[in-house]
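The values are calculated or read from the model by the stated rules, or taken from the named source; none is laboratory data. Note that the coordinates shown come from a computational prediction; the quantities given were computed from them, not determined experimentally. Using ideal geometry, Cβ is built from the backbone for each residue, glycine included, and neighbour counts are taken over all protein chains shown. Areas reflect the complete protein model, heavy atoms only, side chains present, ligands, DNA and RNA absent. Shrake-Rupley method; radii C 1.70, N 1.55, O 1.52, S 1.80 Å.
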Amino acid sequence: MSPVLALPDTSALPAPPWLLATLHLLTFVLHLVAMAGLLGGIVTLLAVRAPDRFARPATRRVLGLLPVAMAATVSLGVAPLLFLQLSYGRVAYAAAITSAVPWILVPLLAMLAYASLYAASHAPADGRGVGVRLGVATGALVAVGLVYASTFALAERPDLYAAQYARTASGWTLHPEPLTWLPRAVQALAAAVALGAFLARRVAYDDADARDAGRRVLEAALVVAALAGLARLAIDGRLIPALGAVGVVLHVLGVVVPLAAVPLVRRGADLPAGAALGAGLVLAVLARHLARLGTLEGVFAPSDAPVRPQWGAFALFVVCLLAAVVTIAAMLRAWFRATPPPNATDPAA
Amino acid sequence: MDFPVWDIDVGYGPLMAWVAVVHVFVAHFAVGGGLSLVVLERRARRSGDLALLAHVRRLSAFFAPTTLVVGALTGVGIWFVIGLLSPTATGVLIRTFVWGWAIEWTFFLVEILAAILYAKGWDRLAPRTHEALGWVYFVAAWASLAVINGIVTFMLTPGAWLETGALVDGFFNPTYLPSLVMRTAICLLLAGLFGALIAARTPDAKDRARLVRTDAVVALVGLAAAWAAQRWYGAAVPAELAATIGARLTIPARALEAFHALSLALGAALVVVALVPRTGRTAVAAVLLALGLGWFGAFEWWREGARKPYVLANVVYGNGIGVAEVATLARDGALPAIRVPTGDPGRDLFLHQCRACHTLSGYNPVLAAFAGTDATFVEGVLGGLHKMRAPMPPFAGTAAERATLAAWLAARADRTPLAARARRDGRDLGALVYEVRCGVCHVEGGFGDKGRSFEGLSADDAKDLLASVSFDEMPLFSGTDEERDALVAHLLARAEGGAR
């Protein structure tokens with residue numbers, strides 16, 4: 001073997017950091033919407049107060065959408081993970097290696113959740129066993145959320161993961177300061193549940209009990225998310241300096257704006273309520289981005305890397321993305337335009 | 001050396017292999033199964049074959065959850081695992097091919113939605129629309145395979161990219177086409193194997209026989225094409241890498257033998273099922289599937305093993321050290337380059353230079369290899385890693401760091417002399433001493449054999465030779481006098497034709 005000595009430089013980013021950050025944040029928001037629909041849908045179903053709660057047409061409709069929401073969460077989660085690794089690989093991999101065991105469990109937990117949701121959506125018509133299956137899925141998804149929150153919070157603290165690694169390289173550890181990342185996880189999970197409950201409420205539009213459950217879940221989750229979000233400012237001494245003035249405003253708005261959904265939903269003004277929840281999500285993601293940059297300032301910045309853009313390949317990606325969007329729209333259009341045949345002429349039916 | 005190293009007593013290779021083999025097995029079925037579904041659906045509708053249509057529907061009910069839950073999530077699992085095991089190489093791949101992965105993601109989105117709507121749409125969509133969704137699914141799934149194929153083959157054969165750095169050169173590398181043809185054939189094979197598993201559960205015996213035969217024939221065609229494409233693939237591997245297989249790399253050589261043997265076994269079994277389809281019951285179909293898994297695993301093991309000592313051929317070594325970095329690290333030192341140290345220099349050197357392939361005493365252990373030796377010997381071995389029979393990355397560090405690692409390893413190895421450990425003496429002991437101290441570089445009758453150097457020498461001459469031959473890549477003999485005498489006896493007996 002004769003290794004080539006003058007190898008191409010592989011340290012350069014293939015696009016300017018601003019473009020990568022934009023793509024990361026955009027795809028991350030899409031991932032969060034799907035994840036919210038998933039978590040909120042499950043919690044709303046579990047909160048319906050009726051003995052036949054898993055046997056009603058509306059709740060079965062929500063139930064049937066949960067595996068789809070899971071598929072969307074996974075599919076839409078691939079891109080932000082890709083762009084995150086590209087921009088923050090040095091600290092993200094280091095944190096993941098320090099927490100290797102919980103990190104590697106994430107796909108297994110997701111698989112367990114996915115399988116449970118499939119099983120729940122294919123449960124007998126009387127709804128037997130659905131509660132347990134949803135409970136398993138919830139547990140697995142919350143565990144994934146906690147591992148993510150711990151790992152990505154750790155990625156912002158190279159001093160902590162270095163100290164942790166010096167103690168043990170076995171990978172059996174989480175972020176050693178739970179008071180900094182647990183409230184963050186609670187805020188994210190509760191906000192997701194709130195948005196998802198809102199969506200589930202829309203899907204179960206013709207079932208008063210389900211809509212009531214959705215409203216109750218939404219209100220409770222928003223309060224929990226707001227309290228956790230505000231508590232973080234008080235508990236995590238690094239957060240306010242990291243956010244800076246703009247970031248603090250975005251963070252507080254991200255906490256407060258979604259609360260407007262509570263009275264709006266009670267008044268039946270779903271469109272503005274949805275807008276408030278969506279705005280809250282975007283604000284929270286932007287604040288999160290600023291917090292990450294601020295916390296890592298002086299230690300690591302994606303913009304430190306050299307850039308050698310691959311514009312041709314990027315253009316091809318844009319073309320493929322547009323083609324995918326058009327194809328997806330066409331498929332959904334065909335789906336929603338179709339109705340089940342009244343008398344099945346299709347021999348497969 | 002930007003990253004910590006995960007230190008557990010589990011081999012990185014097997015961990016990666018399990019996740020990857022399960023993923024590729026299901027992912028290739030996801031492509032081939034998609035084609036099989038839509039082609040069979042079309043055929044069934046055209047001919048009004050209700051049994052076939054019912055079979056396709058059952059297959060689609062199995063297909064969607066299997067490919068979405070297991071296929072998609074093991075794919076994500078690969079991301080999680082490679083980031084832990086080879087963060088440097090993963091970083092290089094992502095920076096080089098991020099838009100490739102991003103393009104693949106757009107196909108993935110289409111593929112996932114099409115799979116869901118196809119599986120759910122039997123009673124809702126018009127037949128023509130349903131079939132169209134099936135085609136959309138298959139095209140997106142195959143396109144996704146075609147993109148990932150470019151990145152996977154780059155790892156073995158980066159080709160002209162090494163000189164030009166051009167994305168197109170790296171993507172359309174020397175093994176891109178044979179690999180794509182082979183993987184497409186594998187998709188067909190797996191469609192047949194999984195299809196047979198579902199067909200075997202058809203209630204009516206006549207229909208079952210007909211469906212099983214169809215799937216067996218599809219699988220046979222896929223197997224034959226894949227086998228032929230593997231020969232093409234093997235021929236496209238650069239001579240410098242291919243030459244090491246067998247002579248220096250035993251794993252890919254054995255994997256290739258297993259691949260051919262399993263091709264034969266699987267082919268024979270499929271012929272029997274195609275000719276006598278009543279044998280195609282669930283248990284038989286499950287055995288065929290297991291054979292297919294082993295066959296596919298053997299191929300992947302060959303492909304992965306052929307890359308050694310690299311993880312990205314000629315770019316990054318298996319231990320995550322860049323080929324271009326070695327000279328700098330040898331000059332300036334490896335320890336200052338370790339960004340996240342443990343605080344123990346010997347351990348840090350072990351983790352960054354060795355741990356990707358070896359544990360201390362678990363998987364592929366190094367301490368067992370150094371048992372009964374000493375720090376001088378270990379240091380010598382570290383100096384000649386790249387000259388060993390099994391291709392290894394060179395030690396990337398200064399002479400002082402090499403001594404530090406050697407002392408750290410020797411202090412942990414069993415220091416009981418070989419004679420006492422093995423309870424041997426005379427030429428028996430000599431053979432053991434040869435195996436431990438010489439055999440990793442000089443295989444008797446094989447790679448690097450220097451046995452003829454001792455022809456015509458007296459015992460004293462041979463001892464003098466052992467005491468004088470030493471250079472950076474060859475340790476001076478540092479065993480006990482008893483070991484030296486036994487080794488000399490063994491070497492001289494061999495030189496005189498005294499095969500044991």
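Across all directions, the average flat footprint of the convex hull enclosing the Cα atoms of chain B is 26.7 nm².
First select every other residue whose beta carbon is under 9 angstrom from the beta carbon of B:G91; then total the charges, Lys and Arg +1, Asp and Glu -1. Local net charge: +1. The fraction of all Cα pairs in the protein assembly as shown landing in successive 20 Å bins from 0 to the largest distance is 14, 41, 33, 11, 2, 0, given as whole percents.
Ranked from largest to smallest solvent-accessible area, with a 1.4 Å probe on the protein heavy atoms, A:Y205, B:Y118 come out as A:Y205, B:Y118. Shape class for region A:86-238: oblate, because the ratio a/c of the largest to smallest gyration tensor axis (alpha-carbon atoms, square roots of eigenvalues) is 1.5 or more and b/c is at least a/b.
Estimated from helices alone, the mean residue ellipticity of chain B at 222 nm is -21500 deg cm²/dmol (sum of -39500 (n - 2.57) over DSSP H runs with n ≥ 4, per residue).
Size descriptors for region B:83-232, from the alpha-carbon set: Rg then Dmax equal 19.1, 61 Å.
Backbone phi angles across region B:259-276, fed through the Karplus curve with coefficients 6.51, -1.76 and 1.60 (θ = phi - 60°), yield HN-Hα couplings of 4, 5, 5, 5, 4, 5, 5, 5, x, 4, 4, 5, 4, 4, 5, 5, 7, 10 Hz in residue order; Gly and Pro are listed as x. Using C-alpha pairs below 8 Å separated by at least 6 residues, the relative contact order for chain A is 22 percent. Could you give the angle, 0 to 90 degrees to the nearest 10, between helix B:205-236's Cα long axis and the longest principal axis of the Cα atoms of chain B? Long axis of B:205-236 versus the principal axis of chain B: about 40 degrees.
Size descriptors for region B:399-500 (Cα atoms only): Rg and Dmax, in that order, 14.2, 41 Å. Normalising the average separation of contacting C-alpha pairs (under 8 angstrom, six or more residues apart) by the number of residues puts the relative contact order of region A:249-315 at 33 percent. Under 1.5 on a/c is rounded, so check that first for region A:252-317, then, if it is not, pick prolate when a/b is larger than b/c and oblate when it is not; a ≥ b ≥ c are the square roots of the alpha carbon gyration tensor eigenvalues. Oblate shape, in that a/c is at least 1.5 and b/c is the bigger or equal ratio. Dimensions of region B:26-122 from C-alpha coordinates, computed as largest minus smallest value along each principal axis and given longest first, are 56, 21, 18 Å. I want to check a number: in the protein assembly as shown, how many lysine pairs have alpha carbons closer than 25 Å, given a sequence separation of 8 or more or different chains? Close lysine pairs under the 25 Å cut-off: 5. Buried area at the B:A interface is about 6900 square angstrom, summed over both chains, from accessible surfaces computed with a 1.4 angstrom probe. So which DSSP H runs in chain A come out at 18 Å plus along the axis (Cα) with average Kyte-Doolittle of at least -0.5? Within chain A the helices that satisfy the rule are A:17-47, A:57-98, A:100-121, A:130-155, A:178-203, A:208-235, A:239-256, A:270-296, A:311-337. For the protein assembly as shown, the solvent-accessible area works out to 40 Å² per residue, with a probe of 1.4 Å and every protein chain left in place. Compute the long axis of helix B:73-85 from its Cα atoms, compare it with the longest principal axis of the Cα atoms of chain B, and write down the angle in degrees, 0 to 90, nearest 10. Helix B:73-85 sits at roughly 20 degrees to that axis. Against chain B, whose longest principal axis comes from its Cα atoms, helix B:399-412 is set at around 80 degrees.
Taking every C-alpha pair closer than 8 Å and separated by at least 6 residues, the mean separation divided by the residue count of region B:169-265 gives a relative contact order of 34 percent. With the simple spin-label model, which puts each label point 7 Å out from Cα in the Cβ direction, the B:A407 to A:S11 separation comes to 3.2 nm. Between amide H atoms placed 1.01 Å from N, distances below 5 Å from B:Y310 occur with B:G318, all of them 5 or more places distant or on a separate chain.
By a 1.4 Å probe calculation restricted to protein chains, B:R231 has an accessible surface near 130 Å², given to the nearest 10.
Of the residues A:T73, A:T295, ranked by 1.4 Å probe accessible area with the largest first, the sequence reads A:T295, A:T73.
The equivalent ellipsoid of region A:187-321 has semi-axes of 33, 23, 11 Å, largest first, where each one is the square root of 5 times an eigenvalue of the Cα gyration tensor.
The 1.4 Å probe gives accessible areas that order B:K206, B:K450, largest first, as B:K206, B:K450.
Residues considered: A:L46, A:L25, A:L271. Largest GNM mean-square fluctuation over chain A, using C-alpha springs under 10 Å, is found at A:L271. Calculated mean residue ellipticity at 222 nm for chain A: -26500 deg cm²/dmol, from DSSP H runs with n ≥ 4 weighted as -39500 (n - 2.57), summed, divided by the residue count and rounded to 500.
Phi-derived couplings, Karplus 6.51 cos²θ - 1.76 cosθ + 1.60 at θ = phi - 60°, listed residue by residue for region B:289-303: 5, 5, 4, x, 5, x, 4, 5, x, 5, 4, 5, 5, 4, 4 Hz, with x used for Gly and Pro. Phi-derived couplings, Karplus 6.51 cos²θ - 1.76 cosθ + 1.60 at θ = phi - 60°, listed residue by residue for region B:127-133: x, 5, 5, 4, 5, 4, 4 Hz, with x used for Gly and Pro.
Sorted into 20 angstrom bins from 0, the C-alpha pair distances of chain A split as 27, 55, 17, 1 percent.
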